[in-house]
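Here's the structure we're looking at; comments come further down.
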Amino acid sequence: MAVVGYGVFAVLWAVWVVRATRGTPTRIALRPVHWWSIGVVAAVFSVVRNLPFGSSLAP
């Protein structure tokens, strides 16, 4: 999940840089459905990586 998080951070940082150079507002708002989706994905990832068939996701 860290690798995906780093990618998301890089994309958001690039969006912030582009918007800052253009002088447009840099607010990125997430609706509650997005926060819930992030939580569900994190929970599913945590469960699957601890199961025998998800061992490839473990470090």
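Bear in mind that the values in this text are calculations on the coordinates, not laboratory data. Worth saying up front: this structure is predicted, and the values here are computed from it rather than measured.
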Using θ = phi - 60° and Karplus 6.51 cos²θ - 1.76 cosθ + 1.60, couplings along segment 41-51 (whole Hz; Gly, Pro as x): 4, 5, 5, 4, 4, 5, 6, 5, 5, 9, 8
With Cα atoms, 0 to 90° folded angle of helix 2-22 axis to the chain main axis: 10
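Per DSSP H run of at least 4 residues, take -39500 (n - 2.57); add these up for the chain, divide by its residues and hand me the 222 nm value, nearest 500 deg cm²/dmol.
-22000 deg cm²/dmol
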